[in-house]
Amino acid sequence: IQSKYPKDHIDVIVFGNDAWQIPIKDLPYLQVGPYHTNTVAGLDLAMDLLRKRKTGNKQIFMITDGKPTCLKLPDGRYYKNSNGLDPEVLNKTINLAMQCRKLKIPITTFMIAQDYYLREFVDEFTRANNGKAFYAGLDNLGDFIFSDYELNKNKKRR
C-alpha cells in the first residue's frame, strides 16, 4: 500500500488489554501476548487518529479472532471475561461500530478464527457498521487487505 500510494497514511494499532500504536516496521516482529482483547480500546484509538486526519478516505481494517474480552473501566481497572461473549463488552463494541458508521468510517474486519459463535458476533458487528467481513487465514491476509484498500480508495474517487 505504501509503495503504490505513498501519499496515503497508515497507522497500525495493536490491542490486548489496552491499545497502542506501533511503527509499521515493527509489524513483522509483533507477537500475540498473554492479553485479553480490548476491541473497544483499539477502535477508540483508531477513531481518535482518524478524527485528526484531513483526508476524505478514512477506514479501519481490523484483524481479530472475533472475541472481545476486556474493557477498561473509568476507574482504570479492567473488566475481563474470557468465558463466551460477555454482553457488556459486546454492547460497547457494537456501539463503537455504529459510531464509526455515523462518522462514515467503514470497518473491514478480517477474522482469523473459525468458531461459529465468534463469526455470529463479527457478522453483527459488520451489520452495525455497514462494513465488510472476511473470514481468512493468516496466509492470505495481506492480499485481502490490499484488495479491500484499493476497492475503498477507488470508491472515494468516484
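The values are calculated or read from the model by the stated rules, or taken from the named source; none is laboratory data. Please read these numbers as outputs of a predicted model, since none were measured by experiment. Neighbour counts run over all protein chains shown; Cβ positions are idealised from the backbone, glycine included. Each accessible area value is taken on the protein alone, full model and side chains, heavy atoms only, with ligands, DNA and RNA left out. Shrake-Rupley method; radii C 1.70, N 1.55, O 1.52, S 1.80 Å.
When you scan region 70-77, do you find a residue that is open to solvent by less than 70 Å² (accessible area, probe 1.4 Å), in contact with a Gly (Cβ under 9 Å, 6 or more places away or on another chain) and not in a helix (DSSP H, G or I), even just one? Outline the logic, then answer.
Of region 70-77, the ones open to solvent by less than 70 Å² (accessible area, probe 1.4 Å) are 70-71, 73, 76.
Adding the requirement that they be in contact with a Gly (Cβ under 9 Å, 6 or more places away or on another chain) leaves 70.
Of the ones still in play, those that are also not in a helix (DSSP H, G or I) are 70.
Yes, region 70-77 has at least one match.
Looking only at region 1-22, filter to residues that are under 22 Å from ASP44 (Cα atoms) and over 16 Å from the mean Cα position of the chain (by Cα); which one of those is surrounded by the fewest Cβ atoms within 10 Å (Cβ to Cβ)?
Restricting attention to region 1-22, the residues satisfying the condition of being under 22 Å from ASP44 (Cα atoms) are 8-22.
Narrowing further to those that are over 16 Å from the mean Cα position of the chain (by Cα): 8-9.
Numbers: ASP8: 12, HIS9: 10.
Of everything passing the filter in region 1-22, HIS9 is surrounded by the fewest Cβ atoms within 10 Å (Cβ to Cβ).
For region 89-129, give me the residue count where each residue is closer than 23 Å to ARG53 by Cα and in a strand (DSSP E or B).
The initial filter retains those residues of region 89-129 that are closer than 23 Å to ARG53 by Cα, namely 93, 95-109, 129.
Narrowing further to those that are in a strand (DSSP E or B): 107-109.
Within region 89-129, residues that are closer than 23 Å to ARG53 by Cα and in a strand (DSSP E or B) number 3.
What tally of residues in region 1-59 results from selecting those that are small (Gly, Ala, Ser) and either in contact with a Cys (Cβ under 9 Å, 6 or more places away or on another chain) or under 20 Å from PRO74 (Cβ atoms) (or both)? Lay out the reasoning, then the answer.
Here is the first cut: in region 1-59, the residues small (Gly, Ala, Ser) are 3, 16, 19, 33, 41-42, 46, 56.
Okay, now just the ones that are also either in contact with a Cys (Cβ under 9 Å, 6 or more places away or on another chain) or under 20 Å from PRO74 (Cβ atoms) (or both), so 16, 19, 41-42, 46.
Selection size over region 1-59: 5.
Can we say GLY66 is surrounded by 10 or more Cβ atoms within 10 Å (Cβ to Cβ), in contact with a helix residue (DSSP H, G or I) (Cβ under 8 Å, 6 or more places away or on another chain) and in a loop (DSSP other than H, G, I, E, B)?
On the way: surrounded by 10 or more Cβ atoms within 10 Å (Cβ to Cβ): yes; in contact with a helix residue (DSSP H, G or I) (Cβ under 8 Å, 6 or more places away or on another chain): yes; in a loop (DSSP other than H, G, I, E, B): yes.
In short, yes.
Out of LYS25, LYS92, LYS102, report the one residue that is among the charged types (D, E, K, R), closer than 23 Å to LYS132 by Cα, open to solvent by 80 Å² or more (accessible area, probe 1.4 Å) and over 15 Å from the mean Cα position of the chain (by Cα). Steps first, answer last, please.
Details: LYS25 fails: closer than 23 Å to LYS132 by Cα; LYS92 fails: over 15 Å from the mean Cα position of the chain (by Cα).
Among LYS25, LYS92, LYS102, only LYS102 is among the charged types (D, E, K, R), closer than 23 Å to LYS132 by Cα, open to solvent by 80 Å² or more (accessible area, probe 1.4 Å) and over 15 Å from the mean Cα position of the chain (by Cα).
Taking into account only those residues within region 106-140 that are open to solvent by less than 60 Å² (accessible area, probe 1.4 Å) and aliphatic (A, V, I, L, M), which is modelled with the lowest pLDDT?
Restricting to residues being open to solvent by less than 60 Å² (accessible area, probe 1.4 Å) and aliphatic (A, V, I, L, M), the top hit is ALA136.
Need pairs with beta-carbon distance below 8 Å; first residue among the acidic types (Asp, Glu) and within region 18-37, second in a helix (DSSP H, G or I); sequence gap 6+ or separate chains.
ASP18/ALA41
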